[in-house]
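Okay, so here's the structure we're looking at.
The values are calculated or read from the model by the stated rules, or taken from the named source; none is laboratory data. Worth saying up front: this structure is predicted, and the values here are computed from it rather than measured. Every residue, glycine as well, gets a Cβ built from its backbone with ideal geometry; the counts of neighbours run over all protein chains shown. For accessibility, only protein heavy atoms count, side chains too; no ligands or nucleic acids. Shrake-Rupley method; radii C 1.70, N 1.55, O 1.52, S 1.80 Å.
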Amino acid sequence: MNTFNKLVGLTLILGLFPGCGNKPNPEQEEAYQKAASILTADESFYPIIDEELYYFTTQTLDSITPVYINEQDAVKKLMKQETFLAFTTRDFTEKERQNLIDRKYLPRAIPIAYDGLAIIVNNANPDSCITIKDFARVLKGEVTQWKELYPQNKLGEIDVVFDNPLSSTVRWCVDSILGGQQFSAKNIGAVKTSAAVIDYVENHENSLGIIGSNWLNDKRDTTNVTFKKNISVMGVSKMETAEKYNSWKPYQYYLYNGNYPLRRTIYALLNDTRNGVPSSFTHFVQLPKGQMIILRSGLLPRTANMNVRQVIVNKE
């Protein structure tokens with residue numbers, strides 16, 4: 001038999017087994033498509049993720065549905081392969097990473113932006129600055145009355161409110177401010193969402209709220225230097241005493257130059273096994289257009305160039 005006939009014979013034999021060893025498992029394919037069609041994100045990232053998705057789906061016609069939940073549950077869904085993409089303010093833990101690697105996955109934590117943890121108070125509160133040290137004392141329950149921080153303040157008990165007990169905001173404060181110590185003070189509570197924190201602070205004079213800074217911007221101001229008018233944003237100082245000259249608010253420039261001390265990294269936790277839609281969306285967020293959307297939202301992009309210019313804010 002000549003070489004040509006041998007090749008033809010081999011082709012015919014292989015043709016008898018068209019799917020041997022490579023036939024897709026319908027259940028696995030269905031599970032992948034279902035998980036790839038959603039992403040999870042900490043609820044505090046709702047404004048920015050929704051805008052990114054709008055431009056991504058308009059440009060690509062791909063479909064991916066966001067599920068806004070607390071950070072802890074967002075990561076749990078990724079670990080269970082109920083999604084391949086979660087937006088958080090933390091990297092994988094070593095245990096999570098090794099667990100995914102042991103299951104033949106390739107987990108990646110991709111920094112996409114920085115935001116500031118904002119401290120907000122009611123407009124009736126006469127005090128506008130706080131030190132990191134005093135903020136920690138409030139969270140530890142060592143200080144429970146406004147007059148303990150500011151002797152002239154008559155607002156009574158400090159009513160501290162977070163967005164969600166399992167949110168990225170709570171976890172970041174526990175890890176970065178309290179060194180892992182959990183909240184125990186009776187005057188510290190949580191509602192359900194960042195929007196609810198703003199509403200609560202607006203309607204309670206003695207309250208102090210903690211939210212992500214991308215919820216603060218007045219969308220009518222394209223310079224991103226005007227915050228919402230219905231609440232006040234406190235300046236935060238690294239010094240022993242907080243004064244206006246040494247306290248900073250979570251404006252983009254102060255996130256950029258390091259003046260604002262409550263800065264967090266936003267990560268895309270990606271575990272897409274096929275480089276499908278979750279990978280495409282993550283890549284879009286890293287591209288100049290995606291980074292520009294982050295810049296316009298009031299956050300600090302991870303890679304986009306920033307033009308710094310002076311502006312005058314009219315407070316009338």
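Of all the listed residues (Ser207, Ser213, Ser167), the sole one being modelled with pLDDT of 95 or more and touching a strand residue (DSSP E or B) at 6+ places or on another chain (Cβ under 7 Å) is Ser207. Note on the range 59-82: residues that are within 18 Å of Ile48 (Cβ to Cβ), in contact (Cβ under 8 Å) with a residue 60 or more places away in the chain and under 17 Å from the mean Cα position of the chain (by Cα) amount to 2. Looking only at the range 96-113, filter to residues that are among the charged types (D, E, K, R) and without any contact (Cβ under 8 Å) to a residue 12 or more places away in the chain; which one of those is least open to solvent (accessible area, probe 1.4 Å)? Selected residue: Arg97.
For the range 38-49, the candidate set comprises residues that are over 22 Å from Pro165 (Cβ atoms) and modelled with pLDDT of 95 or more; within that set, the residue that is least open to solvent (accessible area, probe 1.4 Å) is Leu39. Within the range 50-67, if we keep just the residues that are open to solvent by 60 Å² or more (accessible area, probe 1.4 Å) and not in a helix (DSSP H, G or I), the residue that is modelled with the lowest pLDDT turns out to be Leu61.
Does any residue of the range 234-247 turn out to be at pLDDT below 90, crowded, with 19+ Cβ neighbours inside 10 Å, out of contact with any Asp or Glu (no Cβ under 8 Å at 6 or more places or on another chain) and not in a loop (DSSP other than H, G, I, E, B)? No, the range 234-247 contains no residue that is at pLDDT below 90, crowded, with 19+ Cβ neighbours inside 10 Å, out of contact with any Asp or Glu (no Cβ under 8 Å at 6 or more places or on another chain) and not in a loop (DSSP other than H, G, I, E, B). Taking residues in the range 289-316 that are closer than 16 Å to Phe56 by Cβ and surrounded by fewer than 17 Cβ atoms within 10 Å (Cβ to Cβ), and partners anywhere that are modelled with pLDDT under 55 and not aliphatic (A, V, I, L, M), the pairs with Cβ atoms closer than 8 Å and at least 6 places apart or on different chains are Arg296/Thr222; Arg296/Asn224. From the residues in the range 257-282 that are over 17 Å from the mean Cα position of the chain (by Cα) and assigned to a helix (DSSP H, G or I), which one is surrounded by the fewest Cβ atoms within 10 Å (Cβ to Cβ)? Once the filter is applied, the top-ranked residue is Ser280. Looking across the range 147-188, not a single residue is closer than 23 Å to Arg263 by Cα, of a type in the set (Lys, Arg) and without any contact (Cβ under 8 Å) to a residue 12 or more places away in the chain.
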